[in-house]
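The values are calculated or read from the model by the stated rules, or taken from the named source; none is laboratory data. Since this is a predicted model, take the numbers as computed values, not measurements. Glycine gets a Cβ as well: all are built from the backbone with ideal geometry, and neighbour counts include every protein chain shown. The area values use the complete protein model at the heavy-atom level, side chains included, leaving out ligands, DNA and RNA. Shrake-Rupley method; radii C 1.70, N 1.55, O 1.52, S 1.80 Å.
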Amino acid sequence: MKLSWRSWRTALVVPAAAALALSSCGDDSGTSGGSSVATAGTGGQGSQIKIAAAFSGSVTDGDYNALGLTALKKAESDFGAETTYTENTAVPDAERVLQEYVANGYNVVWTHGSQYYEATAKVAKQYPDVTFIGEFDAEPADPLPNVWVIDRNFHMPFYPIGALAALATKSGKIGYVGGLSLPFSYSEVHAMQQAIKDLGSDAVVNPVWTGDFNDPAKAQQITTQLMGQGNDVIVGSLNLGMVGVFNATKSRPAGAVVVTAKYTDKSKFDPQHYATSALYDFTKPLTDILTKLKAGEKSGYYPLGFDTGVSIQDPQNVDASVKNQVDQIVADIKSGKVTVKKDSSPIK
């Protein structure tokens with residue numbers, strides 16, 4: 001999911017894209033395509049944690065990579081960690097980048113994105129004394145003794161998102177706008193369908209993939225088409241492509257459509273139609289893993305969920321009864337009353 005600022009080609013999307021970048025929950029302490037080192041403190045008991053991270057895009061994206069930088073900053077303040085990161089890391093370059101980190105003395109290497117897992121596992125086998133943190137969308141069948149795996153479980157919050165969509169729609173048509181048709185994206189749609197079925201609703205999810213998580217123009221085009229076909233709830237699963245979704249939805253009258261997003265609070269981009277976001281926080285996963293690492297646990301499986309870095313933003317622009325039902329559904333998932341199935345089978 002490499003982010004490219006050069007893809008913002010039209011004047012229509014540039015102002016909103018710039019605003020999205022400025023809304024980053026981290027600061028811009030790196031340079032595009034290179035690495036930047038930030039240090040703080042001298043560490044706690046035992047050897048100092050030196051953690052390096054590979055990011056898929058800019059840390060000023062106000063989105064997935066900004067969340068990664070926030071987690072690194074937390075590691076600095078809580079563990080006295082020395083940190084560095086590389087922005088805009090291309091998948092073919094990942095193996096080289098990780099090896100350079102090890103050569104430079106970093107004892108923890110984190111790849112922020114499941115597209116890097118293969119390279120992470122490969123390099124981890126070469127350096128058994130270094131701890132690697134990789135992201136994956138399942139529990140690996142062959143865990144490694146020096147790899148912590150963060151299972152992002154993207155399907156989990158899309159169950160309550162699907163419930164909100166089914167409860168809010170008046171047309172019975174829900175549009176899903178994704179980037180690439182990957183297994184995790186399929187699992188999000190299946191989780192929405194499960195929620196709709198569990199509610200006894202007849203609403204239908206109409207998924208469309210733009211082919212790029214970061215193309216606002218394409219996302220705007222697809223969103224406009226979906227609304228033209230009667231979809232009055234738009235569920236976005238994009239990175240910078242969300243700018244295009246908002247450009248499409250904010251052109252509609254208030255009450256005509258509601259939209260949901262992912263990763264961070266994006267309400268400022270279309271306050272009239274914005275309903276909620278599946279929020280992610282990587283500070284807790286990284287903090288928990290580093291705490292266990294300090295205690296001697298060099299590997300493990302860390303599934304994300306509503307107690308471990310995921311939440312649903314307080315819904316808005318929907319009836320109070322919808323908000324209350326969504327809150328109850330999240331509570332039922334946390335208690336185990338509701339089990340969200342992880343179904344990654346392709347959607348035709």
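Restricting attention to segment 148-185, report how many residues are under 15 Å from the mean Cα position of the chain (by Cα), more than 25 Å from Ala320 (Cα to Cα) and not in a strand (DSSP E or B).
Selection size over segment 148-185: 9.
One line per residue, one yes/no per condition, for (1) of a type outside the set (Ser, Thr, Tyr); (2) surrounded by 24 or more Cβ atoms within 10 Å (Cβ to Cβ); (3) in a helix (DSSP H, G or I):
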{"residue": "Thr84", "(1), (2), (3)": "no, no, no"}
{"residue": "Asn88", "(1), (2), (3)": "yes, no, no"}
{"residue": "Ala94", "(1), (2), (3)": "yes, no, yes"}
{"residue": "Val97", "(1), (2), (3)": "yes, no, yes"}
{"residue": "Tyr101", "(1), (2), (3)": "no, yes, yes"}
### Message
Among the numbered criteria (1) under 21 Å from Phe282 (Cα atoms); (2) crowded, with 17+ Cβ neighbours inside 10 Å; (3) of a type outside the set (Asp, Glu), which one does Pro140 miss?
### Response
(2)
### Test for Val258: is it in contact with a Ser or Thr (Cβ under 6 Å, 6 or more places away or on another chain) and under 14 Å from Ile174 (Cα atoms)
no
### Query
Within segment 124-137, how many residues are over 19 Å from the mean Cα position of the chain (by Cα) and open to solvent by 40 Å² or more (accessible area, probe 1.4 Å)?
5
### Message
I'd like to check something: does segment 42-58 contain any residue that is without any contact (Cβ under 8 Å) to a residue 40 or more places away in the chain, open to solvent by 30 Å² or more (accessible area, probe 1.4 Å) and among the small types (Gly, Ala, Ser)?
### Response
no
### Query
Given the structure, is Asp129 out of contact with any strand residue (DSSP E or B) (no Cβ under 9 Å at 6 or more places or on another chain), part of a helix (DSSP H, G or I), closer than 18 Å to Lys292 by Cβ and not hydroxyl-bearing (Ser, Thr, Tyr)?
no
